[in-house]
1. Taking amide H positions as placed 1.01 Å from N in the peptide plane, with prolines and chain starts having none, which residues 5 or more places from Lys86, or on another chain, fall under 5 Å of its amide H?
2. Would you calculate the separation in nanometres between label points at Glu63 and Lys6, each defined as 7 Å from the Cα along the Cα-to-beta-carbon direction?
3. So what is the relative contact order for the stretch 1-105, in percent, with contacts set as C-alpha pairs under 8 Å and at least six apart?
4. Any chance you could run the full-extension gain for Asn45 through Lys150? It's 0.36 nm times the residue separation minus the Cα-Cα distance, nm to one decimal.
5. Only Cα pairs within less than 10 Å get springs; with that Gaussian network setup on the chain, which residue of Ala149, Ala129, Ala112 has the largest fluctuation?
6. List the lysines whose alpha-carbon lies under 27 Å from that of Lys150, not counting same-chain residues fewer than 8 positions away?
7. In degrees from 0 to 90, rounded to the nearest 10, what is the angle of the helix 134-158 Cα long axis to the longest principal axis of the chain?
8. Does anyone have the angle between helix 3-19 and the longest principal axis of the chain? Alpha-carbon axes, 0 to 90°, nearest 10?
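Every number in this text was worked out from the coordinates using simple rules, so none of it is lab data. Since this is a predicted model, take the numbers as computed values, not measurements. Every residue, glycine among them, receives a Cβ derived from its backbone with ideal geometry; neighbour counts consider all protein chains shown.
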Amino acid sequence: MTKEEKGQIIEELAEKFSQNNHFYITDASGLTVAQINAFRRLCFNAGVEYRVYKNTLIRKALEKQEGNYEELFGTLKGFSGVIFSKETGNTPAKVIQEYRKKLEGKPGFKSASIESTLFIGEENLNTLAELKSKNELIGDIISLLQSPAKNVLSALLSGKQTVAGLVKALEERKQN
């Protein structure tokens, strides 16, 4: 690969990092080409993109980004692949976990950047898979805000017969 080709790949990769709010770096060592293609297909079906790059190219592309990604540089060893996700931060983690059901422990999880927050190490994969997306959080907040109003309405509606019965009983008492 010539220097110009490497420079072009670094530019394209830097652009991908800037366009995607979430990315994961995986360890694909020990996977065959067929297994990598199957994983890439699974990623595509989930709406995320998986690409394999040389570690030095990933590092140089990250150095061009705003923010501090130096902590990730220590994870750039071995055979690295990058999963890009524009919308949700937890989808790549779920895809990794789903694929691991077929292949025990592969691909490995090295690190991730979710909205510029860095997660390093295998122990963070379950946490990332359980993260809620922005839309899920907004839905939870809306349902929490609607809950008190629904409770008041249901109490008023269910008490309609009780209030009517109470008024009728008071009216009968008054007449007697």
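1. Residues meeting the criterion, in which the H sits 1.01 Å from N, do not exist here.
2. The answer from the label model is 1.1 nm.
3. Answer for the stretch 1-105 is 40 percent.
4. Details: separation 105, 0.36 × 105 = 37.80 nm, distance 3.85 nm.
That works out to 34.0 nm of additional length.
5. Ala149
6. Lys132, Lys134, Lys160
7. 10
8. Helix 3-19 sits roughly 10 degrees off the main axis of the chain.
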